[in-house]
Each structure stands twice: as structure tokens, then as C-alpha cells.
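Notes follow the structure.
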Amino acid sequence: MRLAVKRHISFILVCLFFFNTSLLFAQRNVRFAAQTSSIERKIDSLLAKMTLAEKLGQLQQLDGEASGKYRPEHLELARNGLLGSTLNVRGAEQSNELQKIAVEQSRLKIPMLFAFDVIHGYRTMFPIPLGESASWDLASIEKSAHIAATEARSAGVHWTFAPMVDIARDPRWGRIAEGAGEDTFLGSQIAFARVRGFQGTDFSQSDRVMACAKHFAAYGAAEAGRDYNTTDMSERTLREIYFPPFKAAVDAGVGSFMTSFNSISGVPSTANPFLWKQILRDEWKSDALVVTDYTAVMELMKHGVALDEADAARLALNAGIDIEMVSRFVNKHGEQLVQNKKLSMATIDNAVREVLRTKFKLGLFEKPYADANRERAMLLNAEHRKFARQSANESFVLLKNERETLPIKKSIKEIAVVGFLAGDQRNMNGNWAGDGREQDAVTVFEGVKNKLGNSAKVKFASGCDAKCEDASGFDEAVKLAQNSDFTILTVGEDIDMSAEASSRTDIGLPGKQLELVKRIHQTGKSYAVVLMNGRPLTINWLAENSPAILETWFAGTEAGNAIADTLFGDANPSGKLPITFPRSVGQIPIYYNALPTGRPFEAENKYTSKYLDSPNTPLYPFGYGLSYTTFKVSNLQLSQSKISKTGELKVSVDVENTGKRAGAEVVQVYVRDFVASLSRPVKELKAFQRVSLKAGEKRKIELVLKAKDLGFYNTANQYVVEAGEFGLTVGTSSNDDGLKDTFTIVK
Ligand code: NOJ
């Protein structure tokens with residue numbers, strides 16, 4: 001009996017213990033729940049109400065009309081809660097119409113997300129990204145992205161598919177135009193600036209949009225420079241060269257990522273858990289929304305990794321993709337995949353969570369509509385145009401200027417503007433021109449006329465069209481040059497020759513353009529070449545013979561006015577190449593931060609690394625660009641000669657404008673790790689500063705090198721900073737070894 005009582009008491013005690021513990025757990029859960037943000041609770045509550053079809057609908061993105069209009073089908077899908085987002089639908093009125101259906105007529109009233117490629121401006125166009133990157137002006141780059149975001153958001157766009165942060169070392173690849181060029185350090189700084197410009201620190205604001213770091217990853221390394229082609233490289237190279245700009249975007253708080261079309265060492269990005277799960281989520285701890293590129297899920301079948309549509313959907317979602325752009329396999333086969341246990345509900349819920357979280361963060365549940373009045377006030381307003389002109393001027397790179405051919409004197413009486421590109425509005429905005437309208441763009445011909453007013457006769461002859469297969473117009477152009485005091489000769493690529501699906505094997509001037517240049521040159525009259533293009537061009541003849549060359553890329557809405565500002569000296573060119581210009585396609589890939597070889601070039605020794613038919617050096621190196629004034633960089637000083645692995649070093653120089661005009665110079669600091677456990681590049685950009693100086697002005701500037709930025713990924717793919725001696729050069733181009741010193745990282 002006693003025993004029975006004892007047992008009874010013990011039983012009660014055990015029960016009490018469990019009751020207490022579960023109470024404790026419950027309390028903790030309540031506290032935890034209270035801590036989770038209200039957004040997460042709202043997501044939970046929505047998720048609990050959603051059918052599987054509605055969930056899959058959130059993972060679908062469909063394309064609107066090129067005009068910005070939604071398609072009739074979108075209305076029906078939105079009404080049934082089966083469409084989460086669109087791309088290309090834009091304009092306050094049009095986007096509001098579709099939004100209204102989603103918000104007012106769908107069962108759960110989940111707002112739609114409107115995405116668009118706002119790459120270098122929405123309506124007011126800025127220089128193409130490669131051109132803008134030539135400014136090395138991070139504040140300015142951030143500002144243009146902010147203006148683009150302001151305009152886009154006012155027009156109902158919430159999400160831009162930018163910035164493209166793919167490092168690209170192959171100018172045959174047309175998409176080199178959309179990025180920041182070849183360098184990981186510069187590219188990372190620009191990636192950060194662009195994300196901040198688009199998003200600010202809170203992209204729910206009416207002047208911000210969510211950014212998208214694309215295309216993860218290594219898209220810029222497409223073999224043979226052929227778009228969409230495969231890439232194959234070590235994980236080390238991925239981590240060291242191609243990933244950092246994406247990481248910089250994460251550091252800036254980027255809201256989304258896009259997959260790339262290519263496969264990486266056999267695994268397509270859209271089905272690549274290493275990229276999405278290991279790198280983005282586990283290592284970088286980012287909760288960025290992941291969207292595929294256009295029909296990239298469908299393309300998994302063509303890549304030969306998916307058996308059929310359902311298999312493609314399974315691979316993509318299980319790899320960590322959230323939204324499928326345009327193809328509809330996730331939508332079509334999601335239910336069946338869940339039933340067959342090939343896809344878990346948790347995977348779908350996670351993806352839906354990402355989408356809903358984004359919509360909450362964008363403030364779409366509270367403010368789903370665009371304001372048409374604000375749109376009218378924002379698009380292409382005077383302030384935006386003014387800044388577009390300034391940013392265009394900063395993007396120009398003066399490649400050559402013999403005997404001060406430029407700037408042109410404003411007292412000139414007769415001036416010829418020659419070349420199709422100089423008179424064609426469509427070509428000013430460049431590719432991926434958002435909602436930019438060609439009728440808004442100022443051509444070079446217009447810009448020169450605006451500049452000179454009635455004080456000079458300005459005449460135009462195209463010579464040929466952009467493809468320049470027909471030379472029948474050359475005589476007229478040459479005659480015009482002969483009868484003028486100066487010729488502005490605009491040559492280069494048509495906008496359709498760069499950006500997506502625009503790879504070239506010959507990156508010289510198209511068609512017979514060079515013949516036209518030679519004919520103008522033969523007149524013996526003064527002229528300057530204005531280049532328009534979306535990639536480095538092989539322009540050896542020009543570099544050797546033409547007196548002046550101004551690289552203007554595609555400069556945007558204010559292209560013509562800005563080009564005239566620079567040609568006539570109201571602006572002083574200050575751009576620096578963000579990409580190497582090769583002498584020939586045969587030199588590609590050619591980039592400044594190459595690894596050394598065991599047999600570095602020696603002129604007298606045949607058995608060293610060289611070509612039989614070409615120098616190793618590029619035509620124009622990374623970081624290069626002239627000015628109408630001259631600068632002297634001197635007095636290099638390091639704050640110390642030894643730093644610890646966590647320490648930093650201050651590098652100071654004096655920069656002096658030794659010429660007669662105000663101008664800006666970009667001081668560049670390169671390092672070399674002399675001996676390491678792995679071969680390290682012959683030089684690597686590690687700091688830079690743009691300095692504006694009045695004529696005669698001299699200023700001391702200080703740049704900081706952090707030891708932690710001087711490491712690399714070892715063979716185990718771990719980031720290490722190794723002790724040892726480093727060389728340092730400071731100059732105004734990657735081939736300028738003017739100022740040198742060494743320092744040591746100590747154990
Ligand atoms: C395909 C391109 O690769 C990508 O960059 C772009 O954002 C999408 N199309 C949407 O237009």
C-alpha cells in the first residue's frame with residue numbers, strides 16, 4: 001500500500017515536471033513569437049490560408065507587353081490569386097489597373113510585384129553601365145541609380161533587374177556593356193553603390209526600388225565570349241574573381257538575386273544548390289529573393305540536366321530558386337511534384353515566404369498603387385536631365401589627344417559633324433534603355449548646334465549607316481570635311497551590337513567605317529574621333545593615326561549635349577577605362593590583373609610568354625584615360641612598413657593639377673603579393689580616389705589599405721591573409737608604375 005502511494009506520488013511529480021517544462025517551453029515560444037517581426041506573423045497567417053495553387057501562383061512571374069501593358073491573361077490570373085509578379089508591366093495607370101484586380105478582387109488580396117529592367121535609367125537615360133563605371137565616381141553612380149529608382153517607382157515599378165555585377169574579361173561578349181568591367185575590386189565598389197542607389201536603406205520608400213544582383217554566377221565568363229555559353233572554372237576563381245561583387249551587393253542589403261543562363265562546371269546556375277544554398281543562404285546569410293532568368297527553368301532541359309518539365313521545376317526549386325520567370329513549369333507541375341514527394345511543401349512554403357516577405361518589405365500591402373501625378377512630376381524632369389548630362393560627361397574617356405586637338409575652340413566658324421551615330425537619336429540611349437524614348441535624346445549633331453548657336457555653321461553628313469556596308473555616301477562626307485574647319489567624326493557600334501545576344505568575333509569598327517575615317521584623315525583637315533560603343537573596340541589604326549579619340553560609350557538622354565560640353569572644353573574628360581582595350585581579338589582574354597608566368601616576357605628571349613605577331617600589351621590598359629589638363633602625383637608615403645593581418649596602412653600622395661584647366665584625376669593604388677602559397681596577380685587594384693582640382697591646385701590625399709583585403713582563397717577555398725612582402729604602386733592607370741614602395745604583412 002505504502003509502495004502504491006509512493007508510486008502515485010512519483011507519478012504526480014513526473015507529471016508536474018513535464019507540465020512545468022512544457023510550460024517553460026511554451027513561455028519561451030510565446031516570447032520567441034513575440035520577438036518575430038510582425039511581417040513574419042502576417043506571412044504565417046497568409047500561408048495558412050493559401051491553397052497550393054495560390055502558393056505556386058506567387059512563384060510565377062509573367063512577361064507583359066513591350067509597351068508596358070499587361071496581357072489580358074494577367075487580369076484573370078491576378079483575379080484568381082494565381083500570379084505573383086510580372087516583368088515589363090509599367091506606367092502608373094497600367095500597373096494600377098492590374099494591381100487593382102489583385103488587391104481588390106483576389107481572395108487573399110495579395111498585391112502584385114512589378115519588375116522591370118531599369119539598367120541605366122528609367123525614362124531619363126544615363127550612360128550604359130560600362131560607361132558610367134568609367135567615371136570611377138561612386139557617389140555619382142549611386143545618384144543615377146537613385147534617380148532611376150525615383151522615376152521607376154513613380155511609374156509603378158517595384159523591382160529592377162539591376163545591377164548586373166558580372167565581371168567580364170571578354171569584350172566579344174556583348175553584355176560587357178551592362179556591367180562594371182573587368183575588375184573585381186572596382187566592380188564590387190560599384191555594385192555596392194548601385195544597390196544603395198536603387199534601394200537606399202529602405203526600399204519601401206516612394207523613391208526606391210528593390211535591386212537585383214545578377215546574373216549569379218560567372219555569366220561574364222561565357223566561353224569564347226558567346227552569350228549564354230557555358231563556363232568552367234575552379235571554385236577558387238569563382239570565389240576570388242566572380243563572387244565578390246555579388247557579396248558587395250549583399251553587404252549593401254540587396255533584396256534579390258537572379259540566376260544566370262550558363263552552367264558552371266556542368267551545373268546550370270538555375271539548378272545549382274551550391275550557389276543558392278551554400279553561398280547565398282549559408283555563407284552570406286542573405287534572405288534575398290531568388291528569381292530565375294527568362295525561361296531559365298525551361299532551359300534546364302536543353303542543358304541536359306532535366307528529363308522533362310516537372311524535373312526542371314523540381315531541380316530549380318530544390319536548388320533554392322523562389323520565382324520562375326516566364327516559363328511555367330513550377331506552376332504546372334508543382335502539385336504533382338508534391339504528391340510524388342519530389343518536392344516538399346516546406347520548400348514551396350519557403351519560396352512563397354520569400355516572395356511575401358519582399359512584398360511586405362516593399363510596403364505593397366499598405367501602398368499597392370502608383371501615383372500618376374507623381375509619375376508626371378518625376379519622369380525626365382529638369383533636375384534628372386541635368387544630372388544625366390553631368391554623369392555622361394564623367395563617363396567619357398579621352399583616349400588620345402595629340403597637339404591639343406581637343407577641346408575645339410568655340411570661335412570656330414564651320415564645323416562638320418560626320419557619322420551616322422552622331423545624328424541618330426535611337427543610338428544615344430544605348431541598349432536596355434528602360435522606358436527611355438528616343439525622341440527625348442539629344443544627338444551629337446543637336447548638341448553641337450546647341451553649344452554653338454548661331455556663331456558657327458554646323459553641318460551633318462552620315463557617310464553611311466551604322467553597319468556601313470555601302471560607301472556611296474563617303475564622298476559627300478569627305479567634301480563636307482574638306483570645306484569645314486574641323487570635323488567631329490562619330491564612329492562605333494549601333495546599339496544593337498552590344499548587350500544581350502550581341503557577341504561579336506570581330507570587335508573592330510563595323511563595315512567600312514574605318515575606310516570613312518581614313519578618307520576624312522586624308523583630307524589633312526583637323527578632326528577628332530568620337531566613339532560610341534558598348535565594349536572595347538580594336539581600333540589600332542585610329543590609335544596610331546587619328547589626332548584625338550574620345551570614348552563616349554552610349555551616353556543616354558543628354559548624350560549630344562554632354563559630348564559637346566566635352567568637345568568644346570566646358571567639361572574636362574576624367575573617365576578611366578574600367579576594361580582593357582585589346583589590340584586584337586587574338587589577345588583575348590586580356591586583363592590587367594593576370595597571374596605571372598614562369599617565363600615572363602623578355603624581348604630578346606623567344607622562349608618567354610609572348611606572341612609571334614603581336615605585343616602582349618593592350619592597346620589601352622585598364623585604368624587609363626587622359627585629361628585636357630595634366631596631373632602630377634608625387635610624394636608617396638606609407639604610414640608604416642609593417643602591418644598585422646588585421647591592421648591597415650595609410651597611403652598618401654600629393655596630387656597636383658599642373659595644367660591650365662580644372663579637372664579630375666583618379667589616383668589608383670595597386671598591390672602585388674610577391675611570394676605566396678599560390679601564384680598571385682602581377683597587380684591588383686586595392687584602392688582608388690577621384691580628386692577634382694582647380695588649375696594649379698595641389699592636395700594631399702590619403703587612401704587606406706586593409707590587410708584583410710589583401711588575402712585570397714587558398715586551394716582549400718578558404719580565405720587567407722598570408723604574411724609576406726607586398727609591392728605597391730600608385731599611379732593614374734594600371735600601367736603607370738610611377739610611384740612604388742613595399743610593405744610587409746607580419747605574422
Ligand atoms: C534576360 C536577361 O538575361 C536578364 O538580364 C533580364 O533581366 C531578363 N531577360 C528580363 O528582361
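The values are calculated or read from the model by the stated rules, or taken from the named source; none is laboratory data. Everything numeric here is computed off the predicted structure, so don't read it as measured data. Don't worry about glycine lacking a Cβ; one is built from the backbone with ideal geometry, like all the others, and counts go over all protein chains shown. Side chains are part of the model used for accessible areas, which takes the heavy atoms of the whole protein and leaves out ligands, DNA and RNA. Shrake-Rupley method; radii C 1.70, N 1.55, O 1.52, S 1.80 Å.
Is region 605-618 home to any residue that is hydroxyl-bearing (Ser, Thr, Tyr) and closer than 25 Å to Leu693 by Cα?
Start the filter on region 605-618 by keeping residues that are hydroxyl-bearing (Ser, Thr, Tyr), which leaves 607-609, 611, 614, 617.
Filter again for closer than 25 Å to Leu693 by Cα, leaving none.
No: zero hits.
Take the conditions closer than 17 Å to Ala180 by Cα, free of Cβ contacts under 8 Å to residues at least 60 places away in the same chain and buried (at least 21 other Cβ atoms within 10 Å of the Cβ) and apply them to Gly220. Does it pass?
Values: closer than 17 Å to Ala180 by Cα: yes; free of Cβ contacts under 8 Å to residues at least 60 places away in the same chain: yes; buried (at least 21 other Cβ atoms within 10 Å of the Cβ): yes.
The answer is yes for Gly220.
Can you find a residue in region 21-36 that is farther than 30 Å from Ser144 by Cα, at pLDDT below 95 and within 36 Å of the chain's Cα centre (by Cα)?
yes
From Leu289, Leu317, grab the single residue that is touching a Gly at 6+ places or on another chain (Cβ under 7 Å) and buried (at least 22 other Cβ atoms within 10 Å of the Cβ). Show your work before the answer.
Numbers: Leu317 fails: touching a Gly at 6+ places or on another chain (Cβ under 7 Å).
When all the criteria are applied, what remains is Leu289.
Just to verify a result, which residue in region 51-84, among those that are open to solvent by less than 10 Å² (accessible area, probe 1.4 Å) and within 15 Å of the ligand (Cβ to nearest atom), is farthest from Glu375 (Cα to Cα)?
Gln60
Name the residue that is nearest to Trp432 (Cα to Cα), counting only residues in region 85-101 that are touching a residue at least 40 places away in the same chain (Cβ under 8 Å) and away from the ligand (no atom under 16 Å from the Cβ).
Step one: of region 85-101, the residues touching a residue at least 40 places away in the same chain (Cβ under 8 Å) are 85, 87, 89-96, 99-100.
Among the residues that remain, those that are also away from the ligand (no atom under 16 Å from the Cβ) are: 91-96, 99-100.
Details: Gly91: 17, Ala92: 20, Glu93: 22, Gln94: 21, Ser95: 20, Asn96: 24, Gln99: 25, Lys100: 28 Å.
Going through the qualifying residues, I end up with Gly91.
Six or more apart or on different chains, Cβ atoms under 6 Å: show the pairs whose first residue is in region 162-173 and touching a residue at least 40 places away in the same chain (Cβ under 8 Å) and within 16 Å of the ligand (Cβ to nearest atom) and whose second is charged (D, E, K, R) and not in a loop (DSSP other than H, G, I, E, B).
Pairs that qualify, where the first residue is touching a residue at least 40 places away in the same chain (Cβ under 8 Å) and within 16 Å of the ligand (Cβ to nearest atom) and the partner is charged (D, E, K, R) and not in a loop (DSSP other than H, G, I, E, B), are Pro163/Arg194; Met164/Glu178; Met164/Lys214.
Testing Ala603 on (1) of a type in the set (A, V, I, L, M, F, W, C); (2) without any contact (Cβ under 8 Å) to a residue 40 or more places away in the chain; (3) open to solvent by less than 20 Å² (accessible area, probe 1.4 Å), one condition comes back false. Which one is that?
Going through (1) of a type in the set (A, V, I, L, M, F, W, C); (2) without any contact (Cβ under 8 Å) to a residue 40 or more places away in the chain; (3) open to solvent by less than 20 Å² (accessible area, probe 1.4 Å) one by one, Ala603 breaks only (3).
For region 457-475, enumerate the residues that are in a loop (DSSP other than H, G, I, E, B) and either within 17 Å of Ile563 (Cα to Cα) or among the polar types (S, T, N, Q) (or both).
Here is the first cut: in region 457-475, the residues in a loop (DSSP other than H, G, I, E, B) are 462-473.
Matches in region 457-475: Ser462, Ser472.
Any chance region 211-231 includes a residue that's touching a helix residue (DSSP H, G or I) at 6+ places or on another chain (Cβ under 9 Å), at negative phi, at pLDDT 95 or above and away from the ligand (no atom under 16 Å from the Cβ)?
The answer is no; no qualifying residue exists.
If you take the residues of region 181-200 that are open to solvent by 10 Å² or more (accessible area, probe 1.4 Å) and in contact with a Pro (Cβ under 6 Å, 6 or more places away or on another chain), which of them is nearest to the ligand (Cβ to nearest atom)?
Filtering first and then ranking leaves Arg194.
Six or more apart or on different chains, Cβ atoms under 8 Å: show the pairs whose first residue is in region 516-535 and in the same structural domain as Ile549 (by TED's automatic domain parsing) and assigned to a strand (DSSP E or B) and whose second is of a type in the set (Asp, Glu) and crowded, with 24+ Cβ neighbours inside 10 Å.
Partner pairs satisfying both residue conditions: Leu531/Glu551; Met532/Glu493.
For residues that are closer than 15 Å to Lys686 by Cβ and surrounded by 17 or more Cβ atoms within 10 Å (Cβ to Cβ), tally how many sit in region 698-721.
7
Check every one of the strands (runs of 3 or more DSSP E) wholly within region 47-162 and list those with 2 or more residues that are touching a Lys or Arg at 6+ places or on another chain (Cβ under 8 Å).
Numbers: elements: 60-63, 85-87, 113-116.
Here the list reads 60-63, 113-116.
So which residues in region 638-647 are surrounded by 15 or more Cβ atoms within 10 Å (Cβ to Cβ) and among the charged types (D, E, K, R), if there are any at all?
Selection gives Lys645 alone.
Quick one: count up the residues across region 352-367 that are open to solvent by 40 Å² or more (accessible area, probe 1.4 Å) and within 24 Å of the chain's Cα centre (by Cα).
1
List the number of the failed condition for Lys247; all other conditions in (1) open to solvent by 10 Å² or more (accessible area, probe 1.4 Å); (2) closer than 22 Å to Tyr713 by Cβ; (3) within 16 Å of the ligand (Cβ to nearest atom) hold.
Every listed condition holds for Lys247 apart from (3).
Going by the structure shown, is Thr51 hydroxyl-bearing (Ser, Thr, Tyr) and more than 32 Å from the chain's Cα centre (by Cα)? Reasoning before the result, please.
Details: hydroxyl-bearing (Ser, Thr, Tyr): yes; more than 32 Å from the chain's Cα centre (by Cα): yes.
Yes, satisfied.
Looking only at region 370-417, filter to residues that are among the acidic types (Asp, Glu) and under 32 Å from the mean Cα position of the chain (by Cα); which one of those is nearest to Gly623 (Cα to Cα)? Let's see the steps before the verdict.
Within region 370-417, the first condition is being among the acidic types (Asp, Glu), and the residues that meet it are 371, 375, 383, 394, 402, 404, 414.
In the following step, the residues that additionally are under 32 Å from the mean Cα position of the chain (by Cα) were identified as 371, 375, 383, 394.
Details: Asp371: 43, Glu375: 39, Glu383: 30, Glu394: 14 Å.
Per the criteria, the residue is Glu394.
Considering only residues that are assigned to a helix (DSSP H, G or I) and among the polar types (S, T, N, Q), which ones fall in region 541-587?
If we filter region 541-587 for residues that are assigned to a helix (DSSP H, G or I), which is where we start, we get 541-545, 559-567, 585-587.
Once the filter is applied, which keeps residues that are assigned to a helix (DSSP H, G or I) and among the polar types (S, T, N, Q), region 541-587 yields Asn545, Asn561, Thr566, Gln587.
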